[in-house]
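Q: Encoded as structure tokens, here's the structure I'll be asking about.
FYI, it's all coordinate maths here, none of it is from the lab. Small disclaimer: the values here were computed from a predicted structure and weren't measured.
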Amino acid sequence: LQGLCRISQRTISTASRRQFENRVHEKQKLFQEDNGIPVHLKGGVMDALLYRVTAGLTVFGTAYVIYELLVASMPKK
């Protein structure tokens, strides 16, 4: 029981030592800058990639739904 208490205390105390640099001010500057880029693309290459993938999946999904509706509306022989 004492070993378990020591392990739990150790993990709690070491987890609080990790500190991350506060980058909120940098991000605010980046996103509030008036450079003509839409806010959903200001994050860089990864934002552009995610935007294009999402747009592609949306177009593909819409086309697939229309195709399935057309198939479902045809009478079966």
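Q: Given the Cα-Cα distance of Arg23 and Thr62 and 0.36 nm per residue of separation, how much length would full extension add, in nm?
A: 10.1 nm
Q: Go through the stretch 33-39 residue by residue and turn each phi into a ³J(HN,Hα) via Karplus (6.51, -1.76, 1.60, θ = phi - 60°); whole Hz please, and just put x for glycine and proline.
A: With the stated coefficients, the stretch 33-39 comes to 5, 8, 10, x, 8, x, 4 Hz.
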